[in-house]
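Notes to accompany the following structure.
Please treat every number below as a calculation from the coordinates, not as lab data. Everything numeric in this text was worked out from a predicted model, so none of it was measured. We place every Cβ from the backbone using ideal geometry, glycine too, and count neighbours over all the protein chains shown.
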Amino acid sequence: MSEEQSLWLFRDFIGSGEVDEILKRVVEKGRVERWGHAARIPLWAGPDEVVLVVEGDVEVKRADGNNKVRLRRGDAFGRTDNGRIREDLEGGDELVARGETTICSVPEEALREIWEEDEFRRSVEAGRWFSKELVEVPVWPLLGTLPTTRLARILLHLVENYGEIKGSKGKLPITLRQSQLAELAGVGKSRAGEVWQLFERTGLVAVESGSVILKNLKQLREMAV
């Protein structure tokens with residue numbers, strides 16, 4: 001599974017309950033661009049900027065030609081920091097406006113000032129239906145990362161805060177569905193499933209008796225860096 005991509009994507013970065021107020025403040029501090037339907041959107045944002053969809057939809061056409069992702073109001077994206085991206089995105093991911101679309105690029109530090117760091121959290125009720133537990137992960141460590149790094153950081157945070165660690169292994173005594181991992185990571189369900197399958201194939205994770213077992217914490221931490 002290749003992750004040589006030009007963009008990182010984060011769905012539902014701003015929750016529906018805060019989207020109006022947060023986007024209003026973002027627009028005051030950021031650089032606003034408006035694009036007509038079907039316009040190809042050049043990415044002028046720097047690696048230290050977050051781009052938020054304010055109105056309309058942005059369709060991301062992945063470079064491999066096999067995947068399209070639709071970003072909507074409150075979703076975020078930005079330039080990856082892998083050192084292999086051409087400034088004009090030639091040969092990379094392509095952004096296309098669907099409908100009249102407004103986006104806003106804002107420096108990450110300015111975004112921090114708008115909404116204090118400890119409020120940027122995502123949560124799900126994980127576990128079996130009769131014994132659910134609310135688990136949370138902070139958003140900032142996930143921002144600007146690709147899905148493998150993002151899910152590795154989520155699993156490490158969960159086991160350190162809700163599970164137990166013994167030597168090189170960790171145990172999270174609750175079940176996590178693919179859809180819940182996707183919600184925590186701000187990615188699509190299929191993408192979360194691909195990363196989970198990769199982790200299983202490489203011996204990083206397993207599910208045993210309703211618990212998530214992290215079988216190689218050292219390697220998982222290396223993926224999280």
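The table below gives the values:
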{"quantity": "Segments 138-148, 205-215 sorted - mean Cβ within 10 Å per residue, highest first", "calculated": "138-148, 205-215"}
{"quantity": "For the stretch 90-225, with +1 on Lys and Arg beta carbons and -1 on Asp and Glu, the positive-most of Val139, Leu214, Thr149 along the dipole", "calculated": "Leu214"}
{"quantity": "Exposed-loop-free span, longest in the chain, where chymotrypsin sites (Phe, Trp or Tyr not before Pro) count as exposed if DSSP calls them loop and at most 16 other C-beta atoms lie within 10 Å", "calculated": "131-225"}
{"quantity": "Rounded, prolate or oblate (a/c below 1.5 giving rounded, otherwise prolate when a/b exceeds b/c) for the stretch 75-225 by Cα gyration tensor", "calculated": "prolate"}
{"quantity": "Links that overshoot a 24 Å alpha carbon limit, given the list Lys29/Lys61; Lys132/Lys171; Lys171/Lys218", "calculated": "Lys29/Lys61"}
